[in-house]
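So the structure is just underneath, and the comments pick up after that.
The values are calculated or read from the model by the stated rules, or taken from the named source; none is laboratory data. Note that the coordinates shown come from a computational prediction; the quantities given were computed from them, not determined experimentally. Cβ atoms come from the backbone with ideal geometry, glycine included; neighbour counts cover every protein chain shown.
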Amino acid sequence: MTWRILRQIARVGTISEPAPEPAPAGAASADPAVEAIHRDILAVLGRAVAIRAVDAGSCNGCELEMHALSNPYYNIEGMGIRFVASPRHADLLLVTGPVSAHMEAAVRRTWEAVPGPKRVVAVGDCGCTGGVFGESYASRGRVANVLPVAVEVIGCPPPPLEILRGILAALR
């Protein structure tokens, strides 16, 4: 079995795309809209911003889009925005999903641990409206039912650029 695979590899060779060409010096590395938002954030803050993300009961679609913010295309860390593990180091809370009954106390404790001035951004349709879950014995519904929300970023899930715009709106 192993020899057959090795012979096939030797016969076929490497099948892949060539590496991308490096960008010329001075060329824009990302979307102009992303760069404009980065400039606005640094103009508003003049420093870095630390974000604590809290999943209050989501399907993880919004988290995937938030993680995309850390990839090289958006490069938020390169512009002074970073996600932190402790709410005590955060300036801003990003909350996704409807607040489940089991997460309500944790979300409130996280909010209380963030030093002031503090803001909450509700991300995704579930965080903004309760989504398909609504309010029930197991769900408190939208984030605004539990915490004071400064900005709502709608979408299921919202694209990373909209999340970035929501962060900027909350900082203003």
Legend entry - the range 91-115 residues that are among the polar types (S, T, N, Q), paired with ones that are part of a loop (DSSP other than H, G, I, E, B) and surrounded by 19 or more Cβ atoms within 10 Å (Cβ to Cβ) (beta carbon under 8 Å, 6 or more apart): Thr96/Ala56; Thr96/Ser58; Ser100/Ala56; Ser100/Gly57; Ser100/Arg140
Legend entry - The listed residue being touching a strand residue (DSSP E or B) at 6+ places or on another chain (Cβ under 8 Å), at pLDDT below 90 and of a type in the set (Ser, Thr, Tyr), out of Ser139, Ser86, Ser100, Ser70: Ser70
Legend entry - Odd one out for Arg82 among (1) touching a helix residue (DSSP H, G or I) at 6+ places or on another chain (Cβ under 9 Å); (2) not in a loop (DSSP other than H, G, I, E, B): (1)
Inset, instruction - Identify the residue in the range 33-52 that is out of contact with any His (no Cβ under 9 Å at 6 or more places or on another chain) and assigned to a strand (DSSP E or B) and, among all such residues, is modelled with the lowest pLDDT. - result: Val49
Inset, instruction - Examine the range 6-13 for a residue that is exposed (fewer than 14 other Cβ atoms within 10 Å of the Cβ), outside any helix (DSSP H, G or I) and either in contact with a helix residue (DSSP H, G or I) (Cβ under 6 Å, 6 or more places away or on another chain) or modelled with pLDDT of 90 or more (or both), and state whether such a residue exists. - result: no
